[in-house]
Amino acid sequence: MAYLNPDHDGTIDWREARRAAVRLFHKLDPDRDGTLDMNEVRGRVGILSFARFNPDRDGTLDKHEWLALVKHRFHRANPDKDGTIDCRELQSLAGRKLLRVLM
């Protein structure tokens with residue numbers, strides 16, 4: 001949690017999640033083409049989610065599309081809608097799916 005929560009307040013807010021998602025985007029993009037294809041996100045994003053957040057159907061997620069997917073997962077993992085994800089929320093199915101696109 002410390003990696004995702006640099007201010008050590010015990011929760012992850014959208015700013016922290018976005019920062020982690022951008023770092024992971026660059027890590028998963030070894031060819032540095034600015035997009036992620038299905039092979040680059042294997043094990044993190046399923047085919048249906050990939051298709052849903054790839055509206056231009058070009059077979060890749062650019063950074064904008066990637067962050068839209070992450071934001072969707074962030075909101076799903078935050079059922080109390082307080083704008084932060086705590087340890088309990090991270091342990092839910094939605095929280096674990098969020099972690100796959102942050103780390």
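Inspection of the stretch 80-98 identifies at least one residue that is in contact (Cβ under 8 Å) with a residue 60 or more places away in the chain, crowded, with 19+ Cβ neighbours inside 10 Å and either in contact with a strand residue (DSSP E or B) (Cβ under 6 Å, 6 or more places away or on another chain) or under 13 Å from LEU4 (Cα atoms) (or both).
Selection of first residues in the stretch 51-73 that are closer than 17 Å to MET103 by Cα and free of Cβ contacts under 8 Å to residues at least 40 places away in the same chain and of second residues that are part of a helix (DSSP H, G or I) and not hydrophobic (A, V, I, L, M, F, W, C), restricted to Cβ pairs under 8 Å at least 6 apart or on distinct chains, gives the following pairs, ordered by first then second residue: LEU69/SER49; LEU69/ARG52; ARG73/LYS97.
With respect to ALA2, determine if the residue is exposed (fewer than 11 other Cβ atoms within 10 Å of the Cβ), aliphatic (A, V, I, L, M) and either in a loop (DSSP other than H, G, I, E, B) or without any contact (Cβ under 8 Å) to a residue 12 or more places away in the chain (or both). Against the criterion (exposed (fewer than 11 other Cβ atoms within 10 Å of the Cβ), aliphatic (A, V, I, L, M) and either in a loop (DSSP other than H, G, I, E, B) or without any contact (Cβ under 8 Å) to a residue 12 or more places away in the chain (or both)), ALA2 qualifies.
Specify the residue that is farthest from the chain's Cα centre (by Cα); the eligible residues are those in the stretch 5-49 that are in a loop (DSSP other than H, G, I, E, B) and closer than 15 Å to LEU67 by Cβ.
GLY34
Restricting attention to the stretch 29-51, the residues that are surrounded by fewer than 18 Cβ atoms within 10 Å (Cβ to Cβ) and in contact with a strand residue (DSSP E or B) (Cβ under 7 Å, 6 or more places away or on another chain) total 2. Does ASN54 qualify as being assigned to a loop (DSSP other than H, G, I, E, B), within 18 Å of ARG19 (Cα to Cα) and either touching a helix residue (DSSP H, G or I) at 6+ places or on another chain (Cβ under 8 Å) or not basic (Lys, Arg) (or both)? For ASN54, the condition - assigned to a loop (DSSP other than H, G, I, E, B), within 18 Å of ARG19 (Cα to Cα) and either touching a helix residue (DSSP H, G or I) at 6+ places or on another chain (Cβ under 8 Å) or not basic (Lys, Arg) (or both) - is not met.
Values quoted throughout were computed directly from the atomic coordinates according to the rules given, and no laboratory measurement underlies them. Bear in mind the structure is a predicted one, so any value in this text is a computation, not a measurement. Note that each Cβ is placed from the backbone with ideal geometry, even for glycine, and that neighbours are counted across all protein chains shown.
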